[in-house]
Amino acid sequence: MTNIKPIQRNLQLDVLSPIELEEIKSGTLRVLNEVGVIFPSERALKIFADYGAKVNFETSIVRMKPDLVTGAMDKAPRSYTLSGRVDGTDLHLGDSHTYFATDGCGVETIDFETGEQRLSCKDDVAKMARVADYLSSISFFWPMVSAQDYGKLAPLHELDASFNNTVKHVQTETVIGEEMAHYAVKMAEVIAGNPENLIINPPLSSLICTIAPLGQDREGIEGAMVFAEAGIPVGFMGMPSMGATAPAVPGGALVVANAEVVSAMVLMQLVAPGAPVFHSILVSAINPQSAEYIVGLPEKYLCNAAAVQMAHEWGVPSLAGSFGLESAEPATWQIGRDSVYTALLCALAGADFTIGLGMIKASTLLIPEQIIFDDEIYHSHRILTQGLNINQTGLALDIINQVGPGGHFLAQKHTRSNLRERWIPRLTNPQSVNGDGPADIQMRARAELDRILDEHQPKPLDRTVQNELVSILEAAGSEFIH
């Protein structure tokens, strides 16, 4: 049985004031009108021109007036559903829950058997999809690593491995380009049953990264238009680096990324009015001494939380980034520190959904047991964001009266029933009372991961559905290889 435990927020964090939100929105509209964004796609340029945007076909720069931007964004839905393939896996964006997912798409893994570091493959995607299917912290699945054993077809094989090994919603961040997107849509239609049900209950969504500063990726944006027309939710992630691809101040970085993301969402509304879209910004910075990329930075954490507010100001769901940190080793103090700021702040800010569990080394390396550590961190955050609801749990004055001075509460039925409901972090508080099992916490995490892989089997796809997916992959292979 699938078990999903999303974060239900009772505490709320606002990083930006209403005035600051309005300033960023106004600054974004000014940049879109006066500076513009590069759209290196002939189809996109023609669509913008048809709707009155100022298009330079030589430079591919599109400038759009505020009325065009706001008019298009008014058509984007604030709430919609991401579907899985069994009951209990639908994610209702905009209902005050925050749904978390795995991270992706890394290129290396620690081998499950030998412990050696190597390039990732399709079987790694499948195994981690099974683990994600089991963990209640994971509401939807990002293919965590690349199916590099399938070359150009890797993105489609990542979807195949995902659909076959989890009943939860799948989101791709590697399917780009018009042709590849069409094949992904066909796979999603097979899972949904038909094109009409795909629109109502989409089992697949897509995230496309923009190109900082103020640019779009041609393959990404053309694939996104295919998804939008098919009714598959599509979002855009700006990844500005302060001091390199964005101004060296948080406000400037947020404006640049916001212009990239919003301009892409505007295009989706011009292509398919009412298309479900979402907004995402992950800010980083460069080290002024070495010019190296820095992930673990206080301003980054605040910007990621601020981006949640910005998305909601535009009236669309927010995908926030968390975990996926710089450390090259699991179970380190650095991951423990930084994951609190990324995951907890974004949940408190009200993100609709969030990615990031299970990867390290800036989301490039899969150490399989890391997802078990992140699962425990997630559930700690889930409890924290609920806050202390004294009205719900009560003050237990009658129990205090019964026990009185000098007594103890262990024998009380009230104590037993409430302790059973309490979530206990099992990695740091293992259930064994006899000292059984590995003492090293990483070994305990690995033992739990191995147990899941040995015991958990998601509901399989019908054989006819599996065969249809194989046929689509074969057709794609013929097109892309020849």
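The values are calculated or read from the model by the stated rules, or taken from the named source; none is laboratory data. Keep in mind that this is a model prediction, so the values were computed, not measured. Here the Cβ positions follow ideal geometry from the backbone for every residue, glycine too, while neighbour counts run over all protein chains shown.
Rundown of residues vs (1) assigned to a helix (DSSP H, G or I); (2) in contact (Cβ under 8 Å) with a residue 60 or more places away in the chain, yes/no style:
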site	(1), (2)
181	yes, no
186	yes, yes
196	yes, no
206	no, no
221	yes, yes
224	yes, no
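Check whether at least one residue in segment 313-333 is acidic (Asp, Glu) and closer than 22 Å to residue 377 by Cα, and report yes or no. Taking every residue of segment 313-333 in turn, at least one turns out to be acidic (Asp, Glu) and closer than 22 Å to residue 377 by Cα. Would you mind telling me which numbered condition in (1) at pLDDT 90 or above; (2) more than 30 Å from residue 148 (Cα to Cα) residue 390 fails? Here residue 390 meets the rest and fails (1).
Summed over segment 447-465, the residues that are hydrophobic (A, V, I, L, M, F, W, C), under 29 Å from residue 115 (Cα atoms) and in contact (Cβ under 8 Å) with a residue 60 or more places away in the chain give a count of 3.
When segment 320-349 is filtered for residues that are out of contact with any His (no Cβ under 7 Å at 6 or more places or on another chain) and at pLDDT 90 or above, the ones remaining, listed by number, are 320, 345, 346, 348, 349.
Going through segment 243-296 one residue at a time, which ones are farther than 27 Å from residue 361 by Cβ, buried (at least 24 other Cβ atoms within 10 Å of the Cβ) and of a type in the set (S, T, N, Q)? 258, 263, listed by residue number. Determine whether residue 368 is closer than 30 Å to residue 121 by Cα, at pLDDT 90 or above and assigned to a loop (DSSP other than H, G, I, E, B). Yes. Of the set (1) in contact with a helix residue (DSSP H, G or I) (Cβ under 8 Å, 6 or more places away or on another chain); (2) closer than 25 Å to residue 167 by Cβ; (3) β-branched (Val, Ile, Thr), all apply to residue 428 but (2). Residues that are touching a strand residue (DSSP E or B) at 6+ places or on another chain (Cβ under 6 Å) and either among the polar types (S, T, N, Q) or not in a helix (DSSP H, G or I) (or both) are absent from segment 405-413 altogether. Would a scan of segment 196-207 turn up a residue that is buried (at least 24 other Cβ atoms within 10 Å of the Cβ) and hydrophobic (A, V, I, L, M, F, W, C)? Yes, that holds for at least one residue. Scanning segment 208-219 for residues that are touching a residue at least 60 places away in the same chain (Cβ under 8 Å) and either closer than 17 Å to residue 273 by Cα or surrounded by 24 or more Cβ atoms within 10 Å (Cβ to Cβ) (or both) gives a single hit, 216. Tally the residues that are surrounded by 14 or more Cβ atoms within 10 Å (Cβ to Cβ) and among the polar types (S, T, N, Q), restricting the search to segment 40-74. Counting residues in segment 40-74 that are surrounded by 14 or more Cβ atoms within 10 Å (Cβ to Cβ) and among the polar types (S, T, N, Q) gives 3. Does residue 400 satisfy the criteria of being more than 30 Å from residue 143 (Cβ to Cβ) and modelled with pLDDT of 90 or more? When the stated conditions are applied, residue 400 passes them.
Restricting segment 356-385 to residues that are more than 25 Å from residue 239 (Cα to Cα) and in contact with a strand residue (DSSP E or B) (Cβ under 6 Å, 6 or more places away or on another chain), which is surrounded by the most Cβ atoms within 10 Å (Cβ to Cβ)? Applying the filter and picking the extreme gives 382. Hey, residue 137 hits all of (1) among the hydroxyl-bearing types (Ser, Thr, Tyr); (2) in a loop (DSSP other than H, G, I, E, B); (3) surrounded by fewer than 20 Cβ atoms within 10 Å (Cβ to Cβ) but one; which does it fall short on? Condition not satisfied by residue 137: (3). The set of residues in segment 243-301 being hydroxyl-bearing (Ser, Thr, Tyr) and in contact (Cβ under 8 Å) with a residue 24 or more places away in the chain consists of 245, 263, 280, 284, 293, 301. Listed conditions (1) under 23 Å from residue 31 (Cα atoms); (2) of a type in the set (Gly, Ala, Ser); (3) under 17 Å from the mean Cα position of the chain (by Cα); (4) assigned to a helix (DSSP H, G or I) are all met by residue 280, apart from (4). Only a single item in (1) on the phi < 0 side of the Ramachandran plot; (2) at pLDDT 95 or above is not met by residue 244, and it is number (2). Looking only at segment 311-355, count every residue that is part of a loop (DSSP other than H, G, I, E, B), of a type outside the set (Asp, Glu) and either in contact (Cβ under 8 Å) with a residue 60 or more places away in the chain or more than 28 Å from residue 109 (Cβ to Cβ) (or both) and tell me the total. Residues that pass the stated criteria total 10.
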